[in-house]
Number of protein chains: 2
Amino acid sequence: MSELPVVNQPPHRCGALLDHVTRRIRLRSETVLTPLGLRPRHLVALTVLRDLGGCSQQDLAKTLEMDSTNVVGLLNDLESANLIERKRSPQDRRRHIVELTDVGAKQLAKAEFALAEVEDQVLGGLDDEQRETLYNLLYQAAGHAEAGACVEAVHDDNC
Amino acid sequence: MSELPVVNQPPHRCGALLDHVTRRIRLRSETVLTPLGLRPRHLVALTVLRDLGGCSQQDLAKTLEMDSTNVVGLLNDLESANLIERKRSPQDRRRHIVELTDVGAKQLAKAEFALAEVEDQVLGGLDDEQRETLYNLLYQAAGHAEAGACVEAVHDDNC
DNA sequence: ACAGATAGTTTGTGTAACACAAACCATTGA
DNA sequence: TCAATGGTTTGTGTTACACAAACTATCTGT
């Protein structure tokens with residue numbers, strides 16, 4: 001935990017680079033997403049929702065690290081576009097269980113398909129295997145520990 | 001997740017995940033960077049500047065994909081903190097060559113050191129080797145896109 | 001030498017994506 | 001019954017932009 005004197009401390013911080021690459025993708029994504037009535041933030045929410053399955057709005061707020069009042073607005077957008085559904089939890093009727101609708105899942109897939117070109121532009125320096133590695137690293141970092149198996153499997157072939 | 005036995009087409013879009021992870025880092029970075037008088041955007045600029053060596057403000061605007069009027073403000077911040085220097089280009093005195101100062105390089109290193117903990121929090125699911133891989137992938141991706149932009153942009157000289 | 005393009009700057013306007021606070025309702029649990 | 005909780009609405013403020021207009025200094029082609 002505390003500072004071990006310099007052993008194999010990697011001097012490379014990803015943060016700024018991450019920021020940079022993300023911005024490039026987001027800028028282009030906006031124009032691709034607009035015809036679908038979506039914004040990058042919606043995509044993130046839908047993606048998280050897909051990966052998480054149903055969850056409460058609080059869970060979502062925590063995962064997105066957003067203020068819950070703003071999550072409400074975000075979900076209002078998505079719900080009025082019929083991309084997500086808010087169901088009352090039977091266990092605790094104060095709670096909303098937020099879930100992707102079929103329409104939502106389809107729209108997400110559609111958006112991802114449309115974004116292929118964007119990623120080709122920005123991640124053009126990476127071949128397919130590298131992009132898959134990148135995806136897996138991000139997925140794992142985002143806290144889906146199950147990705148471990150997937151990452152392990154990468155070096156022989158894609159999973 | 002879907003186990004597609006299919007071909008080589010990677011169904012995974014990184015964009016949303018990239019956005020998500022980047023946000024997590026940026027949120028925490030802000031509090032770490034504030035005592036240093038920096039913001040995440042400054043870090044990105046400094047990083048790019050370090051990787052690029054000296055360049056004109058237009059080059060920088062293109063690399064950052066920011067409007068040049070806003071780049072001016074960004075550089076004003078950095079210059080008044082003595083982190084960068086604007087020198088007139090001898091070849092074309094309209095042009096400013098923007099360069100990291102020694103102070104700037106030191107401050108950048110300091111910031112990166114301070115950000116180690118932040119990345120530990122957010123990228124905690126990745127070991128050192130994976131983080132290095134992530135860094136390299138991002139670096140490569142960023143480099144390619146810059147090269148692409150540069151090819152279009154440049155008439156003759158530096159790139 | 002002159003005209004038009006170019007690099008940078010300033011100022012000003014607008015917008016999106018937030019954070020945060022306050023007040024409110026329905027529901028839960030002690 | 002009463003306090004806490006999940007969600008919602010409204011309202012305020014900030015930041016990070018994009019974009020436009022007008023200006024200076026400088027360069028380049030004719």
* Structure fact -> Of the residues in the stretch B:94-103 that are outside any loop (DSSP other than H, G, I, E, B) and touching a residue at least 12 places away in the same chain (Cβ under 8 Å), the one that is farthest from B:Arg50 (Cα to Cα) is B:His96
* Do any residues in the stretch B:64-76 that are more than 15 Å from B:Ile97 (Cβ to Cβ) and modelled with pLDDT of 95 or more have Cβ atoms under 6 Å from those of residues that are in a loop (DSSP other than H, G, I, E, B) and more than 7 Å from DNA strand C (Cβ to nearest atom), where the two are at least six apart or on different chains, and which pairs are they? -> none
* Asked: Which residues, counting only those in the stretch B:121-136, are assigned to a helix (DSSP H, G or I) and either closer than 18 Å to B:Arg24 by Cβ or acidic (Asp, Glu) (or both)?
  -> B:Gln121, B:Val122, B:Asp128, B:Glu129, B:Gln130, B:Arg131, B:Glu132, B:Leu134, B:Tyr135
* Meets criteria (in contact with a Leu (Cβ under 8 Å, 6 or more places away or on another chain), assigned to a helix (DSSP H, G or I) and either at pLDDT 85 or above or facing chain B (nearest Cβ under 9 Å) (or both)) for A:Val118 -> no
* Structure fact -> All conditions in (1) out of contact with any Asp or Glu (no Cβ under 8 Å at 6 or more places or on another chain); (2) in contact (Cβ under 8 Å) with a residue 40 or more places away in the chain are true of A:Arg88 except (2)
* Would you please list the contacts, defined by Cβ atoms under 7 Å and residues six or more apart or on different chains, that run from a residue in the stretch B:40-51 that is more than 7 Å from chain A (Cβ to nearest Cβ) to a residue that is within 14 Å of DNA strand C (Cβ to nearest atom) and outside any helix (DSSP H, G or I)? => B:Leu49/B:Ile84; B:Leu49/B:Val98
* Asked: Do we find that B:Leu52 is at pLDDT below 95, of a type in the set (A, V, I, L, M, F, W, C) and within 16 Å of A:Val21 (Cβ to Cβ) in this structure?
  -> yes
* Looking at the stretch B:28-60, which of the residues that are over 26 Å from B:Gln121 (Cβ atoms) and under 12 Å from the mean Cα position of the chain (by Cα) is nearest to DNA strand D (Cβ to nearest atom)? -> B:Leu60
* Residue that is surrounded by the fewest Cβ atoms within 10 Å (Cβ to Cβ), among those in the stretch B:63-89 that are more than 24 Å from A:Leu17 (Cβ to Cβ) and within 8 Å of DNA strand D (Cβ to nearest atom) -> B:Thr69
* Whichever residue in the stretch A:94-105 is more than 14 Å from chain B (Cβ to nearest Cβ) and closer than 15 Å to A:Thr47 by Cα and, among such residues, is farthest from DNA strand C (Cβ to nearest atom) -> A:Asp102
* Boolean, B:Gln91 is part of a loop (DSSP other than H, G, I, E, B), more than 14 Å from the chain's Cα centre (by Cα) and more than 9 Å from DNA strand C (Cβ to nearest atom) -> yes
* Structure fact -> The number of residues in the stretch B:14-39 that are within 10 Å of another protein chain (Cβ to nearest Cβ) and not hydrophobic (A, V, I, L, M, F, W, C) is 9
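The values are calculated or read from the model by the stated rules, or taken from the named source; none is laboratory data. It should be emphasised that the depicted structure is a prediction, and the values quoted were computed from it without experimental measurement. FYI the Cβ positions are ideal-geometry reconstructions off the backbone, even for glycines, and counts take in every protein chain you see.
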